[in-house]
Each structure stands twice: as C-alpha cells, then as structure tokens.
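Everything below concerns the one structure shown next.
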C-alpha cells in the first residue's frame, strides 16, 4: 500500500509541473507543435526546449535590465542575428550595435 499511495500522491504535482513547462514553452519559445511522432523525436525536442529555457533563465539572471522573462526572450529573438557581445548586450540592451568590421579578402600573388 505504501508505494502506490506515494505514487498517486505525487501524480498531480508531476502533472502540474508538466503543464507549467509546456505553457512556458508555448509562450516564450513560440512552439506551436512538435515535428515528428516517434518517442525519440519528441524527447529530443523536449530536451532541446529544456536546455533553451535553462539558458534563457541564466541570461535573465545576468541581465541588468529588469525585464520579465517573456520580454527577454522576445528581445533576444529580435537581436539573435546581430553581431554583438552577449554580455555587453545584457548590460546595455538599448545601445546601438557595433559595426561589423569589413573583411578584406587577401589577394594571391601568382608570380
């Protein structure tokens, strides 16, 4: 009787934890649906989302701007493909991005 009762007692808590995770996943990472139906495909996508959420929470902790978690996720999504140092961006997120230095192609002298 002991094990079954403990398992039944912890089931609502686990269910609530799962619901909160998927709610945060849909709100912050804009995941509409999962790709693939196999167990392995779903597990890979869930673990990838968990890692992304963990990284976002760490960046939220480091951020100087007192944004909400969803605002940080949105601002990071907007600035994802700009060339800037992430630590400096977290310190001053509204500063202008630095100019990317022009890469000069070297010429090959064949003489």
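What the table below lists for this structure:
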item: Peptide ranges 69-75, 104-110 listed from the most packed, as the mean C-beta count within 10 angstrom indicates; result: 69-75, 104-110
item: FRET efficiency, residue 62 to residue 110 (Cβ-Cβ, R0 41 Å, nearest 0.05); result: 0.25
item: Ranked packing of 33-39, 61-67, most packed first, by mean Cβ within 10 Å; result: 61-67, 33-39
item: Contour excess over end-to-end distance, with Cα ends at residue 50 and residue 38 and 0.36 nm allotted per residue; result: 2.5 nm
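Just so you know, all these numbers are worked out from the coordinates, no wet-lab data involved. Being a predicted model, the structure only gives us computed values, none of them experimental. Glycine also receives a Cβ, built like all others from the backbone with ideal geometry; neighbour counts cover every protein chain displayed.
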